[in-house]
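Just so you know, all these numbers are worked out from the coordinates, no wet-lab data involved. Worth saying up front: this structure is predicted, and the values here are computed from it rather than measured. Neighbour counts run over all protein chains shown; Cβ positions are idealised from the backbone, glycine included.
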């Protein structure tokens, strides 16, 4: 995750205006009257955001491995319009394999 300090700040205060150099929490500068958020609170939010990101790894892996939507469209169309479910069954097999290979944690 890039820019985790800014992400944490904006998760705490979506209206915050701040800048940071090199993602270093010690370089946070607050702008336009934004209330200062303590480093402890920012660090805690960073840990929370990282845990959430880590918990969704299976979703990212699944997204990369699912068959393309064009395959879905072609398979579904052939099944519904032409009554030929060959591609549909192949698509379902690929789709279910991704789910099996990348189970929810």
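Our estimate of slack between residue 89 and residue 39, defined as 0.36 nm per intervening residue step minus the Cα-Cα distance, is 12.6 nm. Angle of helix 86-101 to the longest C-alpha principal axis of the chain, folded into 0 to 90 degrees and rounded to 10: 40°.
Shape verdict for the chain, please, from the Cα gyration tensor: rounded (a/c under 1.5), prolate (a/b greater than b/c) or oblate. Judged from the Cα gyration tensor, the chain comes out prolate (a/c at least 1.5, a/b above b/c). The separation of the range 10-36 from the range 48-80, counted between C-alpha centres, amounts to 34 Å. The modelled label-to-label distance between residue 13 and residue 97, using points 7 Å beyond Cα along the C-beta direction, is 5.2 nm. The angle between the Cα long axis of helix 39-55 and the longest principal axis of the Cα atoms of the chain comes to about 10 degrees, rounded to the nearest 10.
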